[in-house]
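For reference, the structure discussed in these notes is given below.
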Amino acid sequence: MTLLFTIFLLLVLFVATAFYYEHPKATIPPGFSERKKLYAFHYIMNFGFGLAILLEKLGIMSEVSFLRIVMDGIPPLSDKRLIIKDLIFEKVQVRLYQPKTSTTGQRRGVLYFHGGVGRFGSIRAYERTCRYLARKTNSVIVSVGYRLAPEYPYPTQFQDCLTATIHFMKTAQDYGVDPARIIVCGDSSGGTLTAAVAQALVNRKDVPKLRAQILIYPFLQAADFNLPSYQQNARIPVLIRERTLILGLKYLNKDLSALNTLLDGSHISEKGRQKYQKWLSADNIPHEFKTRGYKPPGPPSPYSEELYELAKPFLEPLFSPLLCEDSIVSQLPETFILTCEYDVLRDDGLLYKKRLEDHGIKVTLCHLEEGFHGTIFLAAIGKVARFQSGIKGMEKIIKFLRLM
């Protein structure tokens, strides 16, 4: 009893700490219509991340294990309208959702890569999202259970997603899917994986061409953390600026002490700046996205060769698809990009849209004026968790899929 009481007091102390030291850091726009709800969600997020760290320090469980338990704790809803199968695609776990309704021809197929920064998230955590998409679009959805870091280091996550995609493309007709109507889709880091998989497939001759890719508030580059959206949304929930890079460093198993110098851009050489400028310049972002408190950054921070070596994986197209060469980008399929106004990753999506359109790729942009990072994931969970922006975004995704 004494041990349990001590743990209880520690948890109470942590709640107080989270409230007084983490919660006030949030900056929620005055005009946001669901302000209190977002503030509450931000507090819950901070509590979860903070509790995960505390439990690790107490030796109870690792931080990442706790976060996985929390995400997997979202109970799925029963659904008699779908046939759901757990399968293995070339050693990669997947869950396949097939509508029971009859159809006159073959269905479209959608591979879904979940978010979670390559360290948490799962098929179970995204059960409701995938069921909803299958029902509403009459599609066969394949949720890919790629292996997670740190047990399976980067880039295992990309390799698993690519393996599952190729397997499905070669066997699509076995599941009543038209091989010419296969779409890859993902949110957050799953959007990164989606973009990387689409790029990896452009020169392959052994599989059909992708019909489309859907990128939901994707992380697409780690070269510039001072774009307008990173400045404007640095303290807006839920993906604050520092947390973005901390999660990325942990994913790649890198030292967190490099955080501030990476944020300043010291990992980019002058040659690199010249190369990336044509793709990452704030000049490529429409003016209306720069009116909310954006200040062009001053002179770049001094270049560090040591930091560059540490950050090399950050600049690979697998991790930063926006930095892929034009010869690949020019061959990508039709694209749907969802961006959120109150998201540090907003400009990644806007810049990728311009790159694609400059090469003649058709792009559908869904920009959520009151959107924030994670709003689509919450839309499928239930009435208590969902926000209007997420409902609107999900409707746009469904509309796009129905046209494929």
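The values are calculated or read from the model by the stated rules, or taken from the named source; none is laboratory data. This structure is a prediction, so every number in the text was calculated from the model and none was measured. When we count neighbours, we look across all protein chains shown, and the Cβ atoms used for this are built from the backbone with ideal geometry, even at glycine.
A few points about this structure:
- Contacts under 6 angstrom Cβ, first residue in the stretch 161-176 being surrounded by 18 or more Cβ atoms within 10 Å (Cβ to Cβ), partner assigned to a helix (DSSP H, G or I) and of a type outside the set (S, T, N, Q), 6 or more apart: 161/193; 161/197; 162/197; 162/200; 165/197
Residues are listed down the side, and each one gets a yes or a no for (1) farther than 28 Å from residue 400 by Cα; (2) surrounded by 17 or more Cβ atoms within 10 Å (Cβ to Cβ):
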residue: 236; (1), (2): yes, yes
residue: 239; (1), (2): no, yes
residue: 267; (1), (2): yes, yes
residue: 278; (1), (2): yes, no
residue: 292; (1), (2): yes, no
residue: 298; (1), (2): yes, no
residue: 315; (1), (2): yes, yes
residue: 318; (1), (2): no, yes
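- Screening residue 112 on (1) within 18 Å of residue 177 (Cβ to Cβ); (2) without any contact (Cβ under 8 Å) to a residue 60 or more places away in the chain; (3) hydroxyl-bearing (Ser, Thr, Tyr) shows it passes everything except condition (2).
- Beta carbons closer than 8 Å, at least 6 apart along the sequence or on distinct chains, pair a first residue in the stretch 346-365 that is within 18 Å of residue 277 (Cα to Cα) with a second that is charged (D, E, K, R) and at pLDDT 95 or above for 359/326.
- Flag if residue 61 is of a type in the set (A, V, I, L, M), in a loop (DSSP other than H, G, I, E, B) and either assigned by TED's automatic domain parsing to the domain that holds residue 320 or out of contact with any Gly (no Cβ under 8 Å at 6 or more places or on another chain) (or both): yes
- Selected residue (criterion: nearest to the chain's Cα centre (by Cα)) from residues of the stretch 45-74 that are of a type in the set (Asp, Glu) and surrounded by fewer than 18 Cβ atoms within 10 Å (Cβ to Cβ): 72
- Test result for residue 377, in contact with a Cys (Cβ under 6 Å, 6 or more places away or on another chain) and surrounded by 17 or more Cβ atoms within 10 Å (Cβ to Cβ): no
- All of 328, 214 fail the test of being under 23 Å from the mean Cα position of the chain (by Cα), of a type in the set (Val, Ile, Thr) and in a helix (DSSP H, G or I), apart from 328.
- Close Cβ contacts (under 6 Å, 6 or more residues apart or on different chains) running from residues in the stretch 375-404 that are small (Gly, Ala, Ser) to residues that are surrounded by fewer than 17 Cβ atoms within 10 Å (Cβ to Cβ) comprise 379/391.
- Restricting attention to the stretch 359-374 and to residues that are closer than 21 Å to residue 32 by Cα and of a type outside the set (Asp, Glu), the residue that is surrounded by the most Cβ atoms within 10 Å (Cβ to Cβ) turns out to be 372.
- Verdict on residue 195 being of a type outside the set (D, E, K, R), surrounded by 18 or more Cβ atoms within 10 Å (Cβ to Cβ), free of Cβ contacts under 8 Å to residues at least 60 places away in the same chain and not in a loop (DSSP other than H, G, I, E, B): no
- Test: residue in the stretch 212-224 that is closer than 19 Å to residue 355 by Cα and charged (D, E, K, R): yes
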